[in-house]
Each structure stands twice: as structure tokens, then as C-alpha cells.
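The values are calculated or read from the model by the stated rules, or taken from the named source; none is laboratory data. Values in this document were obtained by computation on a predicted structure and should not be read as measured data. Every residue, glycine among them, receives a Cβ derived from its backbone with ideal geometry; neighbour counts consider all protein chains shown.
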Amino acid sequence: MTYKIPFLVAILSLLIASCASQPPKVIKQIVRDTVVINSITEKYEYARFAKLDNYKVSTQHYPAKGQDERIRYLVLHYTAMDNASSLRALTNNEVSSHYLIGDLNNDTIYALVDETKRSWHAGASFWKGVNNINFSSVGIEIVNKGYTTDKTLTGNPDLATATRYFFDFPEYQIKKVAELSRDIIDRYKIDPVNVVAHSDIAPQRKHDPGPKFPWKRLYDQYNIGAWYEESQKSIYLSQFPYAEIDSFTFIQSVQADLEKYGYEIQKTGMWDEQTKKVITAFQYHFRPERFDGIIDAETWAILKALILKYRT
Ligand SMILES: [Zn+2]
């Protein structure tokens, strides 16, 4: 915060210079932190209200009913860099995240940006009719090497047909992500479908946190995020229209379903590149055994089951 002092001095000297005949005016901070009690959790919280010279801004008399949290999304990322480079990149540049989870087996999680402030983690993004997700999300970056095109480097080349090979997340790192996410989701009451991957909200350009990120386990063990019901998926599996998969109508219906779930997609009626990328992002999240961007019975049934559970 040392940068503020020369700035204040500059403002003060300007004021003194421009009003040389009058005594210099004392500058007060317009916004200050106030301690309030959250009526739901009954815990003390810091809140920011205007503090004016001539008027009393009262927070006591008319607390409005119509209000909710600004934070509505939790976005998970990987950094594709090591610990030190991730810290440097997220603190010294125009990208940032609220939290950084390193790859060391210790008890530390880095908080880089205050949750009440916007961190710059998502970039151009869209989810279920809303864009610029940075405005209304908390972002967690996880140190992980991302992917390579050389399958021998990951130590687990388990996908013979893949062109990208992703790196595992160690168990102790997943536990940190889970506990931190649970805490954030509880405090802001984030909707399960709004706990998303960076690749969900920017499928044309992002792959993180990738198919090795254990979304199903987070759902099963910590009740984090959305997941489909196996029984509903099974019913849809038997209804997959094999004979129609290249028809305009079927392709458009898949695009409409992906849009209904939340993804940004053009309903072209063609298996084009943008559709393939959205399907890949969907598979990273919900069908990580296969992420080739091609709709198969399994991917389709999962999409249908998710819509039935969360979007109808
Ligand atoms: Zn990301």
C-alpha cells in the first residue's frame, strides 16, 4: 500500500497549490470498513458504506429485503505452471485469482485477491445467459502442469486416441480444493450448476482444469457442484437415436441442450469446430474418459440427465 502515499501527497500539494489563499483541506477516505452482523450466520463481517462529512449514512433503519450475493459462480482453473511461476504470474501481471492452491503437500492456501474484489481469472466468458463471469465469481487457480502432446511425459497415457495428455492432481491438493470450495459455496450459497470449469465458461479457448480434475469425487464426497443421476442416464442411454446423429435436427437439438445447460454455442445444425469444442469441454467435466468432442450415446445421455435434474 506504500504507493498510496506519494499519490496522496500529490493530491494534497495540488489542492494546496490551487487554493493557496485558503487553509489546506483535510482529505478523508470516502469509503471505510464497518463491522456488521450477518443476520443469517450471526457472525461479524466487514461491510463498506459511504462515510460523508455532512451526512449520517445510516445502516440501522431500513435494511432492504431485496438483496443477494454478488458472488454467484465458483470457477476452477489450473495454472499450467509450477508453484513459483504461478505465484509470479498471478500477482505481478494483469491476471489474478482469489485463491491459489500450490502443489506442495503443506497446509497453506494463498489468498491473492479479497473476495469482495474482482480478480481477473476468467477473461471473455459466458454461462447460462451471463457473460464477464469475473464480475460475479470467485476464482481458484490450482498449480498443475496442464497438458502435453507427448503422452510419455504424464506417466499415465491411458487414452490411446487422445491428442492431449493431462497431468494428475495429487490427493492432498484435491482435499484443499474441496475444503476451500465447500467454504465458498456455503457462504455465498452458490448453485451447484454454477460451480464450473474455466473450460465450461470459455470452451473455445480453454481446457482447464481438464479431464483429470475429479468432479465426480468432489460431488460424491463433498457435495460440490453438479452431477447426473446414474439411473436417469441409463434411461436416456437406451434412447440414443443412432440413425439420426448426422441429421440437422438432431445436431441442433444437441446444441440447444448444451445451451440449455449453460454453454455458449451457435445452433448451426452442423458438427462444426465450435460445437466440437463445446462438447470437449462438456466431456472434460462430465465424461472425462473420452474427450474427443464427438457426441456418443454416453455423452448425450449424461447431458440429458443433467438437464432433467437441474434445468427443467
Ligand atoms: Zn483458467
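Just a few scattered comments:
- Looking across Thr149, Thr116, one residue alone is without any contact (Cβ under 8 Å) to a residue 60 or more places away in the chain and either more than 11 Å from the ligand (Cβ to nearest atom) or not aromatic (Phe, Trp, Tyr) (or both). It is Thr149.
- Residue match in region 111-119 (condition: modelled with pLDDT of 95 or more, of a type in the set (Ser, Thr, Tyr) and either within 23 Å of Leu218 (Cβ to Cβ) or assigned to a loop (DSSP other than H, G, I, E, B) (or both)): yes
- Leading residue by the ranking (surrounded by the fewest Cβ atoms within 10 Å (Cβ to Cβ)) among those in region 56-86 that are within 15 Å of the ligand (Cβ to nearest atom) and in a loop (DSSP other than H, G, I, E, B): Met81
- Qualifying residue in region 214-222 (condition: out of contact with any Gly (no Cβ under 8 Å at 6 or more places or on another chain), within 15 Å of the ligand (Cβ to nearest atom) and within 21 Å of Lys145 (Cβ to Cβ)): no
- When we screen Ile142, Ile184 for residues that are more than 12 Å from the ligand (Cβ to nearest atom), among the aliphatic types (A, V, I, L, M) and either more than 14 Å from the chain's Cα centre (by Cα) or at negative phi (or both), the only hit is Ile184.
- Scope region 96-113; condition surrounded by fewer than 17 Cβ atoms within 10 Å (Cβ to Cβ) and among the β-branched types (Val, Ile, Thr); matching residues: Thr108, Ile109
- Region 92-113: number of residues that are polar (S, T, N, Q), within 15 Å of the ligand (Cβ to nearest atom) and within 22 Å of Lys212 (Cβ to Cβ): 1
- When Ala89 is tested against (1) assigned to a loop (DSSP other than H, G, I, E, B); (2) of a type in the set (A, V, I, L, M); (3) free of Cβ contacts under 8 Å to residues at least 12 places away in the same chain; (4) within 15 Å of the ligand (Cβ to nearest atom), exactly one condition is not met: (1).
- Selection from region 120-130 of residues that are within 16 Å of the ligand (Cβ to nearest atom) and either polar (S, T, N, Q) or not in a loop (DSSP other than H, G, I, E, B) (or both): Ser125, Phe126, Trp127
- For region 126-145, taking the residues that are in contact with a Lys or Arg (Cβ under 9 Å, 6 or more places away or on another chain) and not β-branched (Val, Ile, Thr), the one that is surrounded by the most Cβ atoms within 10 Å (Cβ to Cβ) is identified as Ser137.
- For region 286-312, residues that are assigned to a loop (DSSP other than H, G, I, E, B) and hydroxyl-bearing (Ser, Thr, Tyr) total 1.
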